[in-house]
1. Between residue 133 and residue 234, with labels modelled 7 Å along Cα→Cβ, what's the label distance in nm to one decimal, could you check?
2. Taking the range 37-135, which GluC sites (Glu not before Pro) meet the DSSP loop condition and have no more than 10 other C-beta atoms within 10 Å?
3. For the pairs 49/221; 166/221; 103/210; 50/139; 50/182; 13/182, note any where the Cα-Cα span goes beyond 29 Å.
4. Semi-axes of the equivalent ellipsoid for the range 11-117, please: Cα gyration tensor eigenvalues, times 5, square-rooted, ordered largest first, whole Å.
5. Less than 19 Å apart at the alpha-carbon level, and either on another chain or at least 8 residues along: which aspartates and glutamates does that give for residue 12?
6. What residues from the range 53-72 fall in the zone where the backbone N is under 12 Å from a label point 7 Å along the Cα-to-C-beta line of residue 84?
7. Could you do me a favour and compute the accessible area per residue for the chain, 1.4 Å probe, result in Å²?
8. Leaving out ligands, DNA and RNA, what percent of the accessible area of the range 5-251 is carbon and sulfur, probe 1.4 Å?
Amino acid sequence: MNCIERFRLDGKKALVTGGGQGLGKAFAEALAEAGADVAISDIRDETAKKVAEDIRTLGRQSLAIHADTSRIDDVTRMVGKVIETWGRLDIAVNNVGIAIPIKEAIQVTEAEWDKVMDTNLRGTFFCAQVEARAMLPKKQGKIINIASICGHIVWPEPQAIYSISKAGVCHLTRCLAAEWIKHGIRVNSISPGVTRTPDLFPEVIPVFLKTAPIDHVAEVKDLQSAVLYLASETSDFMVGHDLVLDGGYTIM
Ligand SMILES: NC(=O)c1ccc[n+]([C@@H]2O[C@H](COP(=O)([O-])OP(=O)(O)OC[C@H]3O[C@@H](n4cnc5c(N)ncnc54)[C@H](O)[C@@H]3O)[C@@H](O)[C@H]2O)c1
């Protein structure tokens with residue numbers, strides 16, 4: 001098999017959390033274009049169903065699953081549905097993530113902390129745990145967590161909880177990767193820079209452009225090939241790595 005063919009995902013069974021819009025939708029479409037059957041989970045049923053329909057028009061199988069990934073019972077049911085439908089899980093993209101509007105850390109409430117941490121950090125951890133249990137019988141699998149440049153640097157505007165949660169996602173990726181490579185499960189992450197998605201806070205764009213060496217924010221298509229790389233066997237020697245795609249923002 002040549003190098004380009006090793007990017008193919010024909011017959012693989014994939015799951016993308018928060019796949020109803022934005023980056024999750026783009027990741028799901030990329031996996032389907034490479035040949036995978038893709039389950040879309042989201043708290044918003046209509047968008048998840050629409051993405052699943054679009055994937056079927058590509059000739060792949062798909063299913064939409066209602067799941068709040070900050071709830072362990074939902075996560076267990078979500079992965080259970082994939083196994084019940086396809087008998088296995090090969091690729092999981094833990095894409096769900098939320099932020100609160102710009103707010104000084106001194107003002108942050110316990111409820112805001114809990115919501116962001118439960119969704120971004122706790123949710124990603126338990127998604128990965130339940131997915132890895134499903135991958136164990138085959139002794140192989142690819143888990144891709146979606147972090148952020150905010151997990152690496154301090155964003156110039158106050159964004160503490162989100163940033164702390166994403167730094168946690170980068171490190172949980174390393175911890176789980178180190179433990180699970182013996183089971184053939186590869187865990188890596190992607191840290192996007194500012195990317196144009198439907199609910200992006202527009203005020204982050206000028207902040208990004210002020211110091212980014214590149215002159216524009218990312219479109220979702222700029223991130224798609226990263227997920228294909230991490231999902232395919234081409235990345236089999238990559239373990240616990242965070243791929244930063246940020247137009248050079250974090251090198252400055
Ligand atoms: N857009 C950016 O600039 C950017 C930059 C860096 C990192 N990221 C990260 O990329 C990921 C996707 O970002 P996006 O901009 O596409 O987000 P988005 O808000 O456009 O989409 C997120 C999706 O997740 C779903 N969702 C939210 N909470 C959920 C929950 N608890 N359970 C299940 N589904 C839930 C939403 O309904 C939505 O469909 C996030 O983790 C985000 O932090 C985004």
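1. Using points 7 Å along Cα→Cβ, the separation is 3.4 nm.
2. Those satisfying the criteria are 104.
3. The pairs that break the limit, which is 29 Å between Cα atoms, are 50/139; 50/182.
4. So the three semi-axes of the range 11-117 are 29, 15, 11 Å.
5. 29, 33, 37, 53, 54, 84, 90, 131, 233, 236
6. Inside the label zone: 65-66.
7. Here the residues of the chain average 46 Å² of exposed surface.
8. 55 percent
The values are calculated or read from the model by the stated rules, or taken from the named source; none is laboratory data. Only a predicted model underlies this, so the values are computations on that prediction, with no experimental measurement involved. Virtual Cβ from ideal backbone geometry, glycine too; neighbours counted across all protein chains shown. Ligands, DNA and RNA are excluded from the accessible area calculation, which covers all protein heavy atoms including side chains. Shrake-Rupley method; radii C 1.70, N 1.55, O 1.52, S 1.80 Å.
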